[in-house]
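Asker: Once you've had a glance at the structure underneath, I'll fire off some questions.
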Amino acid sequence: MMQFPQLFHKILGVAFFLLPLCAQAYIPVADDEMGDINRQLEHRVSRLEGVLRLEKTITESGGKIFATNGKKADFNTTLQKCKEAGGSIAAPRNPGENDAIQYFVKTFNTYAYLGVKESLIPGKFQFLDGTELSYTNWHSNEPSGKGEEGCVEMYTDGTWNDKRCNQNRLIVCQF
Ligand code: MMA
Ligand code: CA
């Protein structure tokens, strides 16, 4: 009768002997099927993106997708609509993202609210989660509201203006 340590050693030996076989014979099959599914999905996604770009309802910057439904709403309704869609209100973090949002503002010729709001310090603005803005694109002489304009809209030229939150502006979300 074989003792445990020897048996264990034998099983380990067989396992390591079979490992390269598995790697060559089985994993490539699974890999291929996965590759097939990935290619099918990528094809479907790229066709959907083609439709949405044709309709001018999506833009992309650095992997972040921005989208509009072409409709207008006040700031709180915009927050709600973006959340319902599984995203959040568009908040540009750099010039590329600002350009991506500006594309909609120009295309729909309608200003858009951004995911930026006034902090407890009047005239100081931040992201909705309270984090600091590392990029801004204020229009000259903005922000001007001194605590009376808690939201931020984007003008057609891409610059920002602090604005009361009750206006109807283009809904632009990020995903
Ligand atoms: C409006 C309003 C402000 C903006 C000024 C710029 C008069 O107020 O949109 O937010 O700063 O225009 O002139
Ligand atoms: Ca202002």
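The values are calculated or read from the model by the stated rules, or taken from the named source; none is laboratory data. Not measured: the values here are computed from a predicted model. Virtual Cβ from ideal backbone geometry, glycine too; neighbours counted across all protein chains shown. SASA here: full protein model, heavy atoms, side chains in, ligands and nucleic acids out. Shrake-Rupley method; radii C 1.70, N 1.55, O 1.52, S 1.80 Å.
Asker: Just give me the residues in segment 91-110 being within 20 Å of the chain's Cα centre (by Cα) and either within 19 Å of Asn76 (Cα to Cα) or at pLDDT below 95 (or both), in sequence order.
Answerer: Those that are within 20 Å of the chain's Cα centre (by Cα) and either within 19 Å of Asn76 (Cα to Cα) or at pLDDT below 95 (or both): Ala91, Pro92, Ile101, Val105.
Asker: Report whether or not Ala67 is surrounded by 13 or more Cβ atoms within 10 Å (Cβ to Cβ), in contact with a Gly (Cβ under 6 Å, 6 or more places away or on another chain), small (Gly, Ala, Ser) and closer than 19 Å to Phe108 by Cα.
Answerer: Against the criterion (surrounded by 13 or more Cβ atoms within 10 Å (Cβ to Cβ), in contact with a Gly (Cβ under 6 Å, 6 or more places away or on another chain), small (Gly, Ala, Ser) and closer than 19 Å to Phe108 by Cα), Ala67 does not qualify.
Asker: Scan (1) on the phi < 0 side of the Ramachandran plot; (2) open to solvent by 40 Å² or more (accessible area, probe 1.4 Å) for the single condition Ser119 breaks and write down its number.
Answerer: (2)
Asker: Just checking: which of the strands (runs of 3 or more DSSP E) contained wholly in segment 57-174 hold 3 or more residues that are of a type outside the set (Asp, Glu) and closer than 29 Å to Val45 by Cβ?
Answerer: 58-61, 64-73, 112-118, 169-174
Asker: Also, I was wondering about something else. From the list Gly158, Gly145, Gly150, Gly130, pick out the single residue that is within 8 Å of ligand 1 (Cβ to nearest atom) and modelled with pLDDT of 95 or more.
Answerer: It is Gly145.
Asker: In segment 95-111, is there at least one residue being within 14 Å of ligand 1 (Cβ to nearest atom), open to solvent by 60 Å² or more (accessible area, probe 1.4 Å), out of contact with any strand residue (DSSP E or B) (no Cβ under 6 Å at 6 or more places or on another chain) and of a type in the set (Asp, Glu)?
Answerer: no
Asker: Do we find that Ile37 is outside any helix (DSSP H, G or I) and modelled with pLDDT of 65 or more in this structure?
Answerer: Considered against the rule, which asks whether it is outside any helix (DSSP H, G or I) and modelled with pLDDT of 65 or more, Ile37 comes out as no.
Asker: Could you list, in sequence order, all residues of segment 128-154 that are open to solvent by 50 Å² or more (accessible area, probe 1.4 Å) and either of a type in the set (A, V, I, L, M, F, W, C) or in contact with a helix residue (DSSP H, G or I) (Cβ under 8 Å, 6 or more places away or on another chain) (or both)?
Answerer: Residues satisfying the conditions are Leu128, Trp138.
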